[in-house]
Every structure is written in C-alpha cells, then in structure tokens.
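Participant: Please see the structure below; I have some questions.
The values are calculated or read from the model by the stated rules, or taken from the named source; none is laboratory data. A quick note: this is a predicted structure, and the numbers were derived from the prediction, not measured. Counting neighbours? That spans all protein chains shown, and the Cβs are built from the backbone with ideal geometry, glycine included. Keep in mind that these areas ignore ligands, DNA and RNA; they rest on the heavy atoms of the full protein, side chains included. Shrake-Rupley method; radii C 1.70, N 1.55, O 1.52, S 1.80 Å.
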Amino acid sequence: MIDNISSSLIDWSRAQFALTAIYHWLFVPLTLGLGFIQAIMESIYVKTGNEFWKKTAQFWMKLFGINFAIGIATGLILEFEFGTNWSNYSWFVGDIFGAPLAIEGILAFFMEATFIAIMFFGWQKVSKGFHLTATWLTIAGATISAFWILVANAWMQYPAGMHFNPDTVRNEMESFWAVALSPVALNKFFHAVFSGWIIGGMFVVGVASWFLLKKRETKFALESIKIASIFGLIACGLSVWTGDGSAYQVAQKQPMKLAAMEGLYEGGKGVGLVGVGLLNPNKEKYNDGQDPFLFKIELPKMLSFLAERDLDGYVPGITNLIEGGYQTRDGGVALSATEKIARGHAAVQALTNYREALKAKSDAVIAKDNAIKAADDEALQQANDAFQQANDTLQQAQTALDKDFQYFGYGYLKDPSDLIPPVGLTFYAFRIMIILGGFLLALFAVTTFFSFKNKFENKAWLQWICLISIFLSVIAGQTGWIVAEVGRQPWAIQDILPASAAISNLSASSVQLTFFIFLVLFTILLIAELKIMCNAIKKGPQIVEQ
C-alpha cells in the first residue's frame, strides 16, 4: 500500500487526532446538556422569584463553567491540528472546510464569550430578565458553535456544494447552503446535540442521586432530578428519531460504513438487523470464505427497512461493495473497487496532464512574446503551435478530470481492501451505543416515574444506578463518535481524499512525541477538571432548606 515510514506517520497522525477528539468530546456534550438544564432552572427562578431556584441554577452553572473552560482548551488544539498534521487536507479543501469554522469563531464563539461573563458575574449587576437572556444566549452560542463544527465534519462525510479547480488544485465552494444544510449535516447536528442533552440529563440525575445517598440537600436533589429526568427522557426520544435518520443517511451516502457497522459482508434483499452478535476473529479478508459471525441474533428485514425504507430493499455488504456488479438505486450497475481505483488513477493522471499543459501554455505565451520582440516568424509559428497543442491538451485533461473526479480519491489507493474500515471496532462500538442508549431511555423513564410519584428519595438502588450511569452515558456518546469517524476510514473526505494523501510532510517521530505530550496534558486537564468538579459537588449548592 505505502511505505513503512508513511504508514507509521499516518497511524500516529490518526492516533493524535483521535486522542484530541476523544478528550474534547468528553466536554462538549456535557456543556450542551448541562447548559440547557441550568437555563431551564433559572427560567423557573425568574418566573417564580423563589431564591431556591436561583441557588439551584447557580450550582449547576458552576459545574457548567468548569466543563466549558476545559472544552474550549481541547477544541482549540483540535482545530490547530488540521494545519499542523493535516496540511495537505487543509490546502485541498480549506476554501470549504474553513468557512463553517470561521463562522463558528466569529459568530458563535464571540457570542458565548460575550454573554458568559454576564451569566457568571452579572447576578447582582443586571436585571433578572437580562441575566436570563444572557444565560440562554450563552447556551445558544454553544449550540450554534456545535452546529458549524458539525457542518464541517458532515462535509467530510458527504462533500456537497463544491467543485474542483485544477488551476489551484483546490476544492472551492459552489453553494454555501448546500454545505450548511445538507441532510447529513442537519441530521448529524441534531443527533449530536440530543446525545449531549442525554449526557447532561444523566449527569444532573447522577450527581443529585449522590446527594440523596449522602442524605444532603434533599429538596435540591429531588427537584433537580425531576427536571433532568423529563429532559433526558425527551432527549432520548429525539435521539432515537435522529439516530434513525442518521442510519438512513449513512446507507445512502456511506454504504461501506453501514456494512462495517453491521458486520455485513454478503448483502441482499430483506437483510436483517443484528441485535447481538460475536464476530469471527478468524475472518481476515472479505473473500476468504469464513463466516463473519460466531453467532448473531437478528431482527428480520429490519436493516433493509432502516436503509431503504423497504422491508425487501437491497443492502450491499462489504464483498458486494468491493466486487461491484449489483444494481444501484438509479438503475445502473455498481463499479467494483478495482474499477474505481483505475478511474481514480485516471483522474489523478488527468490532473497531472492538466498541470503540465498549463505550464506548457504559459511557456508558449512567453515564447510568443519573445518571438514577436525578435521578429522571428519561425519561432512565432512554433510558439503558436505549442500554444495550440497545450490548449488542446488542457481541454482533453479537463474533460477526463471532470469525467472521473468523483473517484479522485481512489487514485491514491492500490488495494481494494484499503476501502474496508476496521469492522470489529465499528461493529462493537455501534452495538454498545445502541444498547446503552436503550438502557438510558429506560432509566430516564423509571427516574421520571419515581420522581414525579415522590418515591425516588427512598430508592437507594436506583440512586446508585443513576450515579454509575453518568459514566455509561459518556461511553455511549464516545462510541457514537467512534462509529462516525472510524466507520468512514480510509477517507479524510469521502471518495475525494484518503487520509494517506491528507497528512503533512512530518517525521513520524515528531507526531509520536506530540501524541504523548498531548496524552499527558489532556489527562492532567481531565484529572484537574474532575477534582475541581468533585470539590464543587462536595461543597454543594449551600441552600438552607425550609
């Protein structure tokens, strides 16, 4: 595939980016969820004038602020890595990818920075209404920030609204709204935000349960649980809805990811959805004849329904996608991976020919000018012939490039197996996300029932489950992100640019060194945040209960 040095560089660059993204994603969902809950509590305070709700909102706001600060630190490093470790990627698509990130920085980030100061320090300096407005605008800013970042990520999964300019060797934005409002972007945004709401809701329920286990701040804990439980239950329902939409978009836009999510090698019509399964560790190649599962329990025809909205719809598996030959949705015949790679090589060669012809055309123009100045008719004729030949080559190369550009990224691959993402990690991460999501939905239903029946206080077993489930909700969010990112490998941009062509020209050792530096730094930040948050929780809301 590629030489060992390049392979090591790619692996360490991926590992460093994954490390930063995983740490960053520990903080973002909690920020989105906890911020919304504290804003609801402050709204109740403004409406009722009850100081209890002010103290309650201030307590959760303190925890929100601690998490928010660490999230910004890891997020900034994540964005810088595009320029340091993935400079080829940044050059190739910077005109498009940079737009949503710029909007995020100019609009959302400054919106957060402006109003968060009022939210934390303006309690006694501005009116209740203005302070509440600042709180909601801070949360809105955080959510808008997430939107633009997820738009950028969604474009990597589904590169819409662009055209390739061979003169600059860059992809350029053709339609801003096609990028910002693509179905993948919208679905990804809502699903990520609702998953953040789930984590925020579980965090509040879990921490409040700790107070009940310690026989402290009982009223504060019970009222917090009521709000967070119903909030989390609604978020779970919305997450199921957007999750279904995400699965449909993956089936339409990234069928190889869907096949990896399901461990599906041989597709067909009326394909079942794997509920529980154990992959066969002896299966090494897509065409080795080994059964992909040691055992599995399926929901009949459900994968076809989720992917095609048809119980008998055709869903291609990994082998089908590699070998091609099946009928596509538009009635055509799917190309094999070998054919796509060949057309990708043709596109890359067409670009090379275009660039050479462009240089030859420029040289011919200079030669014409020199011939005219020297009054050399023969040299002028040769320059004119060279100009015309270069122009013809340019047009031919442009036609060839336009014809095969959709397979451009395949030109950097040599083995069809390179197109297969890590099946085991994708499959199990997807199962963990679904199982934990179902568990959290049931848990929120139970906590909502007992809290509104005023029976939660005496359910110590349930309080322990809620406390532990804080970590389970985080794992569910992390596995969802793993499915989204690992499942799209080897692509940095789907079908356009593989990760092997997106990296910077660095030494693998330098990336390896910074990986461990970041690992230590992020771990210290995480430990510091947990310690600060635990101290704040132990101190409590300091509410004098009547």
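Participant: Can you send over the carbon and sulfur percentage of the accessible area for the chain, probe radius 1.4 Å, protein chains only? Let's see the in-between values first.
Facilitator: Details: 15820 of 24930 Å².
For the chain, the apolar C and S fraction of the accessible surface comes to 63 percent.
Participant: Let me ask you something else. Please list LYS55, LYS214 from largest to smallest accessible area, probe radius 1.4 Å, with all protein chains kept in place. Don't skip to the end; give the middle numbers.
Facilitator: Working: LYS55 85, LYS214 115 Å².
Per-residue accessible area, sorted high to low, gives LYS214, LYS55.
Participant: Grab the eigenvalues of the alpha-carbon gyration tensor for the chain, scale each by 5, take roots, and send me the semi-axes largest first in whole angstrom. Kindly include the intermediate steps, with their values, before the conclusion.
Facilitator: Details: eigenvalues 496, 182, 77 Å².
Ellipsoid half-lengths, sorted descending, are 50, 30, 20 Å.
Participant: Here's another thing I want to ask about it. How far apart, in nanometres, would the label points at ASP385 and TRP461 be if each is projected 7 angstrom from Cα along the Cα-to-Cβ direction?
Facilitator: Taking the two extended label points, one gets 9.4 nm.
Participant: What are the principal axis extents of the Cα atoms in region 83-219, in Å, biggest first?
Facilitator: Dimensions of region 83-219 along the principal axes of its Cα atoms: 68, 35, 29 Å.
Participant: Let me ask something additional. Please find the FRET efficiency linking LYS214 to PHE471, where r is the Cβ-Cβ separation and R0 is fixed at 22 Å, and quote it to the nearest 0.05.
Facilitator: Values: r = 19 Å, r/R0 = 0.85.
Efficiency, rounded to the nearest 0.05: 0.70.
Participant: Jot down the radius of gyration and Dmax of region 152-240, Cα atoms only, both in angstrom.
Facilitator: Radius of gyration, then largest Cα-Cα span, for region 152-240: 21.1, 70 Å.
Participant: While we're on this one: For every other residue with a beta carbon closer than 12 angstrom to the beta carbon of PHE450, add +1 if it is Lys or Arg and -1 if Asp or Glu, then tell me the sum. Walk me through the numbers before you get to the answer.
Facilitator: Details: positive: LYS226, LYS453, LYS455, LYS459; negative: GLU457.
Surrounding charge for PHE450 is +3.
Participant: How would ASP291, ASP244 line up by accessible area, probe 1.4 Å, largest first? Before the final figure, lay out each step's value.
Facilitator: On the way: ASP291 90, ASP244 50 Å².
Reading off the accessible areas and sorting them downward yields ASP291, ASP244.
Participant: Using helices alone, what [θ] at 222 nm do you get for the chain, with -39,500 (n - 2.57) per DSSP H run of 4 or more residues, divided over all residues and rounded to the nearest 500?
Facilitator: Details: 16 runs with 386 residues, N = 546.
About -25000 deg cm²/dmol.
Participant: Ok, one more. Return the lysines within reach of LYS414: Cα separation strictly under 18 angstrom, same-chain partners fewer than 8 residues apart disregarded; answer none if there are no such residues.
Facilitator: Straight-line reach from LYS414, under 18 Å: LYS285, LYS340.
Participant: Could you tell me which of rounded, prolate or oblate describes region 420-540, using a ≥ b ≥ c as the square roots of the eigenvalues of the alpha-carbon gyration tensor, with rounded for a/c under 1.5 and, failing that, prolate when a/b is larger than b/c and oblate otherwise? Could the numbers behind the result be given before it?
Facilitator: Values: a/c = 4.13, a/b = 1.68, b/c = 2.47.
Since a/c reaches 1.5 but b/c is at least a/b, the shape of region 420-540 is classed as oblate.
Participant: Placing one identical point scatterer on every Cα of region 44-122 and ignoring solvent, what is log10 I(q)/I(0) from the Debye formula at q = 0.20, 0.22, 0.27 Å⁻¹?
Facilitator: -0.96, -1.06, -1.26
Participant: Determine the sum of side-chain charges near GLN157: Lys and Arg each +1, Asp and Glu each -1, restricted to other residues whose C-beta is under 15 angstrom from that of GLN157.
Facilitator: Values: positive: LYS188, LYS253, LYS257, ARG488; negative: GLU485, ASP495.
My count for the surroundings of GLN157 gives +2.
Participant: Taking a threshold of 29 Å on the Cα-Cα distance, which of the pairs LYS453/LYS538; LYS301/LYS453; LYS459/LYS538 fall above it? All intermediate terms of the calculation are to be shown ahead of the outcome.
Facilitator: On the way: LYS453/LYS538 27 Å; LYS301/LYS453 40 Å; LYS459/LYS538 21 Å.
Those over the limit are LYS301/LYS453.
Participant: Would you mind checking the radius of gyration and Dmax of region 80-137 based on alpha-carbon positions, in Å?
Facilitator: 17.3, 51
Participant: Moving to a separate point now. Please work out the Cα center distance from region 92-128 to region 226-289, rounded to the nearest Å.
Facilitator: When both Cα centres are located, 35 Å separates them.
Participant: While we're here: Would you calculate the separation in nanometres between label points at ILE297 and PHE516, each defined as 7 Å from the Cα along the Cα-to-beta-carbon direction?
Facilitator: 4.5
Participant: For VAL511, what charge total do you get from the other residues with a beta carbon under 12 Å from its beta carbon, if Lys and Arg give +1 and Asp and Glu give -1?
Facilitator: Numbers: positive: ARG14; negative: ASP11, GLU81.
Net charge around VAL511: -1.
Participant: Using Cα pairs closer than 8 Å and at least 6 residues apart in sequence, work out the relative contact order for the chain, in percent. Intermediate results must be reported in sequence, preceding the final value.
Facilitator: Numbers: 823 pairs, mean separation 113.6, N = 546.
Computed over the chain, the figure is 21 percent.
Participant: Where does region 167-298 land on Rg/Rh, using Cα atoms and the Kirkwood Rh? Each step should come with its number before you reach the end.
Facilitator: Values: Rg = 21.8 Å, Rh = 18.9 Å.
Answer for region 167-298: 1.16.
Participant: How large are Rg and Dmax for region 260-410 when calculated on the C-alpha trace, in angstrom?
Facilitator: 26.1, 84
Participant: Accessible surface of GLU174 in the full protein assembly, 1.4 angstrom probe, to the nearest 10 Å²?
Facilitator: Around 130 Å² of this residue is reachable by solvent.
Participant: Which one, ALA228, THR31, GLN463, projects farthest toward the positive side of the charge dipole computed for the chain from Cβ point charges (K/R +1, D/E -1)?
Facilitator: GLN463
Participant: Just to confirm, what accessible area per residue do you get for the chain at 1.4 Å probe, in whole Å²? Could you put the intermediate results ahead of the total?
Facilitator: Values: 24930 Å² over 546 residues.
With all protein chains present, the chain gives 46 Å² per residue.
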